[in-house]
Every structure is written in structure tokens, then in C-alpha cells.
Amino acid sequence: MKPPSRLIIRRPEISRFSEEAAAVAALYLASRRVALPWLRETHTDDETHAWMRDNVFPRQSVRLALLRKEIVGFAARDGAWLTQLWVKTGWTGHGIGQQLLDAVLADAAPVTPVLRVYTFQRNVGARRFYERNGFVLRTQGDGTGNEEGEPDLLYERALRG
């Protein structure tokens, strides 16, 4: 599906750091609860907001998807790891996730030969998305390696030759 017109993919603005980190944390919490209602929550909302503000935004490469000044998605990369890719509830299926992934891939290609991502085994939509984008399943986990205790999958995509 064609992305909405006027969709902008950009990095967070330093002058709006706190506001944008808070908006992304809220998007993350709401989207995760809708997309993965079976997933155990291991942190409070306040802890999640602090994590986004103190860890994700200052330490990872973050991209925001904006539509008419509203954040409708975001992605974060830490080295060779795609750590987050979320689209606001009601906006999935419009190509926003694809544009975010494309921006992350372009950003990562000069600095790492591969991009890796974990997703939960039961997250069928994410699995289809990553497989459609050239990610290959490398390992399956039993849930002992993540806070949620949920079986997961490690995908990897080569970025060079």
C-alpha cells in the first residue's frame, strides 16, 4: 500500500527532545498493547517513559515518521541491531513501517555488514514483514533470553555483498 502523502521520516529534534521522547514512549506502549495483547508487561508506564528518554533517544539512532506533525511511527537502531520498529495503531498497512525500515537500512549500511532483529514467535505480522524485507531466520529462542519470557526469533539481513 502507498504511504500517506506528506509522510516525513526524520531524526528527533534536539529542541523537542523531551516532548518527542514522551510521544514515542506513549506510541510504543499503546501499539505494543494492541499488537501483542498476550505479551506480559515487565515495566510500568513511568519506567518505559524513562527508558525511552534516558536510553533509546540519547544512545540509539532513532527515526520518526510524522504525518501532519503527529508521530505515527518510529524505529531505533543500536549498531547492528534494529531494536524497535512500531507504527501507531490505525496506521499499520500504509507503508509507514516500510519507510522507517528503509531509512534504518540506509543508515546502517555504511557502518555494519548486517542488521539483526528479534521478534516474538507469535508476532506473525512482524515475521512476515521482516521475511518480506530479506531478513533470514537465524535462531529460535525459548523465552529465557528476554524479560517477557516469550519464545522469540532472531532474524538477520545482509547489508553488503
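Applying the condition of being among the small types (Gly, Ala, Ser) and in a helix (DSSP H, G or I) to the stretch 1-29 and asking which residue is farthest from Asp152 (Cα to Cα) yields Ser15. Quick one: would you say Phe135 is farther than 30 Å from Ser15 by Cβ, aromatic (Phe, Trp, Tyr) and surrounded by 13 or more Cβ atoms within 10 Å (Cβ to Cβ)? Answer is yes for this residue. Candidates Arg32, Arg40, Arg77: the one that is within 14 Å of the chain's Cα centre (by Cα) and not in a helix (DSSP H, G or I) is Arg77. The set of residues in the stretch 23-48 being surrounded by fewer than 16 Cβ atoms within 10 Å (Cβ to Cβ) and more than 17 Å from Trp91 (Cα to Cα) consists of Pro37, Trp38, Leu39, Arg40, Glu41, Thr42, His43, Thr44, Asp45, Asp46, Glu47.
Within the stretch 6-34, which residues are in contact with a helix residue (DSSP H, G or I) (Cβ under 7 Å, 6 or more places away or on another chain), hydrophobic (A, V, I, L, M, F, W, C) and farther than 13 Å from Ala75 by Cα? Residues satisfying the conditions are Leu7, Phe17, Ala22, Leu29.
Each residue in the stretch 65-83 was checked for being touching a residue at least 12 places away in the same chain (Cβ under 8 Å) and either at positive phi or crowded, with 22+ Cβ neighbours inside 10 Å (or both), and 10 of them qualify. Restricting the search to the stretch 49-59, which residues are within 15 Å of the chain's Cα centre (by Cα) and buried (at least 17 other Cβ atoms within 10 Å of the Cβ)? Once the filter is applied, which keeps residues that are within 15 Å of the chain's Cα centre (by Cα) and buried (at least 17 other Cβ atoms within 10 Å of the Cβ), the stretch 49-59 yields Met52, Val56, Phe57. The set of residues from the stretch 86-124 being hydroxyl-bearing (Ser, Thr, Tyr) and closer than 25 Å to Leu7 by Cβ comprises Thr89, Thr92, Thr119. Output yes when any residue across the stretch 92-101 is among the β-branched types (Val, Ile, Thr), surrounded by 12 or more Cβ atoms within 10 Å (Cβ to Cβ) and assigned to a helix (DSSP H, G or I), and no when none is. Yes: the stretch 92-101 contains one or more residues that are among the β-branched types (Val, Ile, Thr), surrounded by 12 or more Cβ atoms within 10 Å (Cβ to Cβ) and assigned to a helix (DSSP H, G or I).
Which is among the hydroxyl-bearing types (Ser, Thr, Tyr) and either touching a strand residue (DSSP E or B) at 6+ places or on another chain (Cβ under 7 Å) or within 17 Å of Ile9 (Cα to Cα) (or both), of Thr119, Thr89, Thr42?
Thr119
In the stretch 107-126, the residues that are in contact (Cβ under 8 Å) with a residue 12 or more places away in the chain and under 19 Å from Asp78 (Cβ atoms) form Cβ pairs under 6 Å with partners that are part of a strand (DSSP E or B) and aromatic (Phe, Trp, Tyr), at six or more places apart or across chains, as follows: Arg116/Trp81; Val117/Tyr155.
Sub-9 Å Cβ pairs linking a first residue in the stretch 19-38 that is under 13 Å from Val62 (Cβ atoms) to a second residue that is hydroxyl-bearing (Ser, Thr, Tyr), at least 6 apart or interchain, are Ala25/Thr48; Leu27/Thr89; Tyr28/Thr48, ordered by first then second residue.
Scan the stretch 44-63 and give yes if some residue there is touching a residue at least 60 places away in the same chain (Cβ under 8 Å) and not basic (Lys, Arg), otherwise no. No, there is no match, as no residue in the stretch 44-63 is touching a residue at least 60 places away in the same chain (Cβ under 8 Å) and not basic (Lys, Arg).
Laboratory data are not the source of any read-out in this text; all were calculated from the coordinates shown. Everything numeric here is computed off the predicted structure, so don't read it as measured data. A quick note on method: Cβ atoms are made from the backbone with ideal geometry, for glycine too, and the neighbour counts reach across all protein chains shown.
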